[in-house]
Structure formats: structure tokens, C-alpha cells
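One structure below.
The values are calculated or read from the model by the stated rules, or taken from the named source; none is laboratory data. The structure displayed is predicted, hence computed values, not measured ones. Reconstructed Cβ throughout: ideal geometry from the backbone, glycine too, with neighbour counts over all protein chains shown. Side chains are part of the model used for accessible areas, which takes the heavy atoms of the whole protein and leaves out ligands, DNA and RNA. Shrake-Rupley method; radii C 1.70, N 1.55, O 1.52, S 1.80 Å.
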Amino acid sequence: QVQLVESGGGLVQPGGSLRLSCAASGSMFKIYAMGWYRQAPGKQRELVAAITGGGSTNYADSVKGRFTISRDNAKNTVYLQMNGLRPDDTAVYYCNTATARPNLWGQGTQVTVSS
């Protein structure tokens, strides 16, 4: 059974950067395609970036060129490097498998972009 814990959020000014981490427990982590999702107030949760077990990546148009997803299978960790942050990136960020397993949603980590 995989469990996921997100960290690394915070308050940052527009144009700034943050790196989010998602630590996974469970020996099967490396075979899962993983994703970073976000949910802004009053909006539905959306997938912003995904990475396969082999390292292929995919991004939502809104973050393409600014966000980078990566993983370290030896550390059972998925990262989201966020550069060029904008106020509309403000949201709670979650990690999950790319298929968004309902039983794996964690607390998420708050990212607030504001001057």
C-alpha cells in the first residue's frame, strides 16, 4: 500500500520559485506513473504534471515551460520544480498516481503566490 506525503509549499512573490516534494512509502513506487495536481479555491482539482516510471513527462498547457516534474526512484520521491510563479498558480498541491487513486489523496501543500 502506497502512502504519499507532500511538502515544500509556502508563500512566494510573483516570479519566484518553489520545489515541492512527494515522499512515497511502499516498494511498488517505481512502477507507478505519478502526477502533481492542484486545487484552487472554488475550482476543480486539475492535473498539472505527470511522469512515468521511466521518466517521460507531460504538462498542462498552463504550466508548460515553467514547471518541471522529476522523480528519484531510489528515494521514493517525486518533485515539482516551479519557476516563474504567478498568482493564478495559488492552490493546494497534491501528488497521486497518474490515475488519481481515490485512497491516496493526502493533505497537500499550500502554495500562495502574492506580493
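Here the relative contact order of the stretch 53-115, from alpha carbon pairs under 8 Å that lie six or more residues apart, stands at 25 percent. How would you classify the stretch 41-97 from its alpha-carbon gyration tensor, with a ≥ b ≥ c the square roots of the eigenvalues: rounded for a/c under 1.5, else prolate if a/b is greater than b/c, otherwise oblate? Prolate is the answer for the stretch 41-97, as a/c is 1.5 or above and a/b outweighs b/c. What's the FRET efficiency of Thr97 with Ala74 using the Cβ-Cβ distance as r and R₀ = 25 Å, to the nearest 0.05? So the FRET efficiency works out to roughly 0.85.
Using only the Cα atoms of the stretch 8-74, build the gyration tensor, take square roots of its eigenvalues as a ≥ b ≥ c, and label the shape rounded, prolate or oblate: rounded if a/c is under 1.5, else prolate if a/b is larger than b/c, else oblate. It comes out prolate by the Cα gyration axes.
Once all protein chains are placed together, Asp72 keeps about 50 Å² accessible to a 1.4 angstrom probe. Length gained on full extension, Val5 to Ala40, computed as 0.36 nm times the residue gap minus the Cα-Cα distance: 10.7 nm. Once the 1.4 Å probe is applied to the protein heavy atoms, the stretch 59-115 comes out at 48 Å² accessible per residue. Ranked by the mean number of other Cβ atoms within 10 Å of their residues, highest first, the peptides 97-105, 60-68 fall in the order 60-68, 97-105. Simple spin-label estimate for Trp105 and Thr57 gives 2.6 nm between the two label positions (7 Å along the Cα-to-Cβ direction from each Cα).
With contacts taken as Cα pairs under 8 Å at a separation of at least 6 residues, the chain carries a relative contact order of 37 percent.
Distance from the C-alpha centroid of the stretch 56-115 to that of the stretch 1-39: 6 Å, rounded to the whole angstrom. For the stretch 51-59, the Karplus equation 6.51 cos²θ - 1.76 cosθ + 1.60, evaluated at θ = phi - 60°, returns couplings of 9, 7, x, x, x, 6, 10, 8, 9 Hz by residue, with Gly and Pro reported as x. Rolling a 1.4 Å probe over the protein heavy atoms of the stretch 6-88, with every protein chain left in place, gives an accessible area that is 49 percent carbon and sulfur. By DSSP, the beta bridges lying fully in the chain are antiparallel in about 90 percent of cases.
Near Ala24, within a Cβ-to-Cβ distance under 14 Å, what is the net charge of the other residues, with Lys and Arg +1 and Asp and Glu -1? Residues near Ala24 contribute +2 overall.
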